[in-house]
């Protein structure tokens with residue numbers, strides 16, 4: 001080839017290649033105006049407020065069945081959101097990030113969580129107890145220290161993460177990994193990743209709710225139980241596009257039968273993250289961007305039917321933005337005014353504004369930038385988090401402390417206001433339970449006058465435990481359905497648990513009572 005012609009050809013090729021690279025780089029960024037960012041973040045918080053107040057009166061009124069009665073709601077009901085635990089708990093984490101910055105460590109977040117005066121239940125309560133006792137995250141949410149690791153808790157308070165990670169699912173997963181292990185593990189953490197991943201996608205998907213659900217699913221490992229539940233939900237909804245109740249029944253039959261939570265095992269009550277996460281997905285898949293329809297369906301799926309429509313409403317609110325939420329639903333939000341959410345320093349406007357500022361910082365941190373009145377967001381594809389699961393087997397038997405399966409030695413007496421319970425504060429008193437299986441949880445009640453006990457498994461000391469309720473609001477407050485000891489993954493066969501009362505108070509307690517309620521025995525099918 002003529003040298004001049006070759007040089008000209010090479011120059012043209014380099015120019016075209018450079019143009020292509022610039023085009024590809026430009027294509028790798030997404031643009032959202034500051035006004036749209038605010039509208040979507042405001043819509044996300046409004047959706048949560050509306051959804052939780054809409055479903056509030058139905059919470060756990062329909063267990064193992066759909067809620068088929070009238071739902072009583074009017075626009076003034078949104079004020080009830082001020083006292084909702086899923087909102088005030090997530091705002092606690094917002095406060096730490098606003099004060100300490102985006103790099104606040106898991107330990108710092110956990111310590112703040114431990115000092116939080118709000119009322120907690122299930123995984124949140126156990127996570128806080130563990131941190132107070134020196135078991136720091138990520139161990140504080142581990143099944144080694146909690147039978148509530150798969151519970152819904154992190155899922156219902158993960159919304160704030162997605163709202164500050166617009167179009168940034170990988171960033172959302174990193175925050176979720178840090179926060180979620182304070183109180184959960186495995187599928188309990190994946191619930192928060194799924195929800196925050198859907199919020200993240202919702203900033204750039206205004207009409208296709210199915211794509212949003214698929215984006216959330218892509219954030220968690222396909223091999224996890226949680227991912228399999230959501231994959232089934234997507235598949236069944238495609239097979240039955242006009243019949244959400246058929247999908248609900250299929251979920252109930254396949255996935256709602258082996259909840260390990262001490263309060264739900266072998267009971268209709270189910271606070272498992274994956275089944276409740278599926279109810280969020282059902283609302284989105286069948287309601288789409290019809291705000292009213294989406295939160296109604298999530299509510300009618302039952303179980304934790306205030307928290308589930310809160311997330312559904314928040315995700316739809318992020319997709320369509322505050323301005324497109326029908327006036328009927330949002331008309332009384334302004335009446336909340338400067339009222340602070342319980343146990344927080346945030347009003348509705350405060351939390352919206354602080355989330356906007358955090359979102360800007362996250363975008364810049366992830367390689368984006370702010371130019372005049374718009375934000376340039378680098379494209380992030382969802383990436384599956386590493387797999388973590390725990391083998392708890394299958395709950396097969398619940399044995400009340402009053403059942404002959406227990407042997408009580410000493411001065412055990414019925415606990416006040418608790419049916420089928422026994423308590424003792426006499427040092428050396430013993431409660432002995434023999435079972436055959438591969439796991440067990442020892443259930444008890446946490447009380448403000450709780451004390452210490454030692455736990456032995458098959459003759460060997462396992463741990464010291466206590467029945468003290470931390471951060472109680474009132475002298476008579478207590479929490480039942482809690483595990484004070486647990487063991488999973490045991491060799492199949494007969495085992496013996498012995499709880500020995502120490503007769504000692506936990507720091508801050510008014511007495512040394514050990515309150516026992518029951519045991520749940522777990523087993524798993526023999527290996528092929």
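Only the coordinates and a few stated rules stand behind these numbers; no lab work does. Because the structure is a prediction, the values reported are computed rather than measured. Here Cβ is always computed from backbone atoms with ideal geometry, including for glycine, and neighbour counts include all displayed protein chains.
Note down the relative contact order for the chain as a percent, whole number, built from C-alpha pairs under 8 angstrom at least six residues apart. Mind showing how you got there, number by number?
Details: 1177 pairs, mean separation 98.6, N = 528.
Computed value for the chain: 19 percent relative contact order.
What is the distance, in nm, between label points placed 7 Å from the Cα along the Cα-to-Cβ direction at residue 102 and at residue 30?
Label at residue 102, label at residue 30, 1.7 nm between them.
For the residue pair residue 460 and residue 170, what label-to-label distance in nm results when each label sits 7 Å from Cα along the Cα-to-beta-carbon direction?
4.3
Ranked highest first by the average count of other Cβ atoms within 10 Å around their residues, in what order do 197-207, 157-167, 81-91, 65-75 fall?
On the way: 197-207: 25.3, 157-167: 29.1, 81-91: 22.2, 65-75: 13.5.
Result, highest mean Cβ count within 10 Å first: 157-167, 197-207, 81-91, 65-75.
For residue 242 and residue 357 in the same chain, what is the full-extension length gain: residue separation times 0.36 nm, less their Cα-Cα distance, in nm?
Numbers: separation 115, 0.36 × 115 = 41.40 nm, distance 4.05 nm.
Working it through step by step, the gained length comes to 37.3 nm.
Which of the peptides 412-421, 269-278 is most tightly packed, and how do the rest follow, judged by the mean count of other Cβ atoms within 10 Å per residue?
Numbers: 412-421: 15.4, 269-278: 26.5.
Going from most to least packed, we get 269-278, 412-421.
Whole number please: convex hull volume per residue of the Cα set in the chain, in Å³?
Dividing the Cα hull volume of the chain by its residues yields 188 Å³.
Testing the spin-label approximation: label points 7 Å from Cα along Cα→Cβ at residue 511 and residue 403. State their distance in nm.
2.7
With just the Cα atoms defining each centre, how far is region 399-427 from region 248-291? Give it in Å.
If we compute the Cα centre of each part, the gap is 34 Å.
If a/c stays under 1.5 just call it rounded; otherwise compare a/b with b/c (prolate if a/b is bigger, oblate if not). Do that for region 337-391, with a ≥ b ≥ c from the square roots of the Cα gyration tensor eigenvalues. Please report the intermediate quantities before stating the final value.
On the way: a/c = 4.06, a/b = 1.16, b/c = 3.49.
Taking the square roots of the gyration eigenvalues as a ≥ b ≥ c, region 337-391 is oblate.
Using only the Cα atoms of region 17-140, build the gyration tensor, take square roots of its eigenvalues as a ≥ b ≥ c, and label the shape rounded, prolate or oblate: rounded if a/c is under 1.5, else prolate if a/b is larger than b/c, else oblate.
Numbers: a/c = 2.30, a/b = 1.26, b/c = 1.83.
In terms of gyration-tensor shape, oblate.
How much length is gained on full extension from residue 494 to residue 436, taking 0.36 nm per residue of separation minus their Cα-Cα distance?
Values: separation 58, 0.36 × 58 = 20.88 nm, distance 0.42 nm.
Result: 20.5 nm gained on full extension.
What whole-number distance in Å separates the alpha-carbon centres of region 113-158 and region 198-242?
Going from one Cα centre to the other spans 27 Å.
Taking the Cβ-Cβ separation of residue 323 and residue 68 as r and a Förster radius of 45 Å, what is the calculated FRET efficiency to the nearest 0.05? Mind dumping the intermediate values first?
Values: r = 33 Å, r/R0 = 0.74.
Result of the calculation: an efficiency of 0.85.
For region 394-523, just say rounded, prolate or oblate: build the C-alpha gyration tensor, square-root its eigenvalues into a ≥ b ≥ c, call rounded for a/c under 1.5, and beyond that prolate if a/b exceeds b/c, oblate if not. Could the numbers behind the result be given before it?
Working: a/c = 1.76, a/b = 1.63, b/c = 1.08.
Here region 394-523 falls in the prolate category.
When 193, 336 are ordered from fewest to most other Cβ atoms inside 10 Å of their Cβ, what list results?
Working: 193 32, 336 17.
Neighbour counts put them in this order, fewest first: 336, 193.
Please report the relative contact order for region 324-385, taking Cα pairs under 8 Å with a sequence separation of at least 6, and give it as a percent rounded to a whole number.
Working: 33 pairs, mean separation 9.4, N = 62.
That works out to 15 percent.
Between residue 371 and residue 292, what FRET efficiency follows from the Cβ-Cβ distance if R0 is 35 Å, with the result rounded to 0.05?
Working: r = 37 Å, r/R0 = 1.05.
It comes to 0.40.
May I ask you to derive the relative contact order of region 394-523, considering only C-alpha pairs under 8 Å and at least 6 residues apart, and to give it as an integer percent?
Working: 359 pairs, mean separation 51.9, N = 130.
RCO, region 394-523: 40 percent.
Ranking request for peptides 225-233, 356-364: highest mean number of other beta-carbon atoms within 10 Å first, then the rest in descending order.
Working: 225-233: 20.7, 356-364: 17.9.
So the order, starting with the most tightly packed, is 225-233, 356-364.
Please find the FRET efficiency linking residue 208 to residue 343, where r is the Cβ-Cβ separation and R0 is fixed at 22 Å, and quote it to the nearest 0.05. Let's see the in-between values first.
Values: r = 37 Å, r/R0 = 1.68.
That gives a FRET efficiency of 0.05.
Subtract the Cα-Cα distance of residue 225 and residue 419 from 0.36 nm times their separation in residues, and report this length gain in nm to one decimal. Numbers along the way, then the final one.
Numbers: separation 194, 0.36 × 194 = 69.84 nm, distance 3.45 nm.
Gain on stretching residue 225 to residue 419: 66.4 nm.
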